[in-house]
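**Q** Before I ask anything, let me first share the structure, which is written out below as structure tokens.
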Amino acid sequence: MMDLLVSLIKQFEGLHRLDKVNDLVYPYLCPAGYPTQGWGLRVASMDVSAISLEEADQRLKNVLGFYIDKTIKLVPNVADDERKLAATVDFCFNLGPTALAGSTFRKRLNEQDWESAASECQRWVFGGGRKLPGLVRRRAAEAELLR
């Protein structure tokens with residue numbers, strides 16, 4: 001599951017502001033306007049120091065346990081299905097546990113209504129008040145894993 005999850009996150013978060021000369025990763029503003037660095041992880045401000053590519057990978061690995069645990073607590077019935085778990089953790093990583101907790105998406109997952117869950121998932125495509133093509137693609141990939 002970890003390989004699938006990391007692949008999903010890296011594919012859709014991307015690694016922005018990588019200086020290919022010195023392999024340093026600088027902070028950037030994500031489409032929703034949050035200071036971010038590495039593989040989609042929020043940072044305190046745009047003034048944080050650059051990090052190495054290896055540190056960006058390590059920071060991602062360090063937070064995945066948190067998102068996996070939160071996801072399993074909120075949606076326990078996806079724990080034994082690698083594809084459904086990866087899709088749901090990716091959603092939680094991208095939008096946060098609070099969004100997952102209060103969503104109709106979660107309700108459909110807990111009802112094991114996979115088709116309705118896939119449809120609900122695909123409603124979460126807005127960032128910064130606008131529909132983002134990257135989120136449309138991400139939600140489609142998650143929905144496919146849920147089906």
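**Q** Count, please, the residues in segment 100-130 that happen to be at pLDDT below 95 and either touching a helix residue (DSSP H, G or I) at 6+ places or on another chain (Cβ under 7 Å) or on the phi < 0 side of the Ramachandran plot (or both).
**A** Count: 3.
**Q** Condition check: under 21 Å from PRO31 (Cα atoms) and among the aromatic types (Phe, Trp, Tyr). Does TRP114 satisfy that?
**A** no
**Q** Check every one of the helices (runs of 4 or more DSSP H) wholly within segment 35-147 and list those with 1 or more residues that are under 25 Å from LEU15 (Cβ atoms) and either small (Gly, Ala, Ser) or within 14 Å of the chain's Cα centre (by Cα) (or both).
**A** Ranges flagged: 53-74, 82-95, 97-101, 114-121, 133-146.
**Q** Give me the pairs: first residue in segment 1-17 and in contact (Cβ under 8 Å) with a residue 60 or more places away in the chain and closer than 12 Å to VAL89 by Cβ, second residue in a helix (DSSP H, G or I) and aromatic (Phe, Trp, Tyr), beta-carbon distance under 7 Å, and six or more apart or on different chains, which are they?
**A** Final answer for the pair search is ILE9/PHE93.
**Q** Does segment 74-82 contain at least one residue that is at pLDDT 95 or above and loosely packed, with under 13 Cβ neighbours inside 10 Å?
**A** Within segment 74-82 (the criterion being at pLDDT 95 or above and loosely packed, with under 13 Cβ neighbours inside 10 Å), the answer is yes, since at least one residue qualifies.
**Q** A further question on this structure: Given PHE66, PHE93, which one is crowded, with 18+ Cβ neighbours inside 10 Å, modelled with pLDDT of 95 or more and not polar (S, T, N, Q)?
**A** One residue alone meets the criteria, PHE93.
**Q** Out of curiosity, is GLU55 surrounded by 14 or more Cβ atoms within 10 Å (Cβ to Cβ), modelled with pLDDT of 95 or more and more than 18 Å from ALA143 (Cβ to Cβ)?
**A** Considered against the rule, which asks whether it is surrounded by 14 or more Cβ atoms within 10 Å (Cβ to Cβ), modelled with pLDDT of 95 or more and more than 18 Å from ALA143 (Cβ to Cβ), GLU55 comes out as yes.
The values are calculated or read from the model by the stated rules, or taken from the named source; none is laboratory data. Remember, it's a predicted structure, so these values are computed and weren't measured experimentally. Virtual Cβ from ideal backbone geometry, glycine too; neighbours counted across all protein chains shown.
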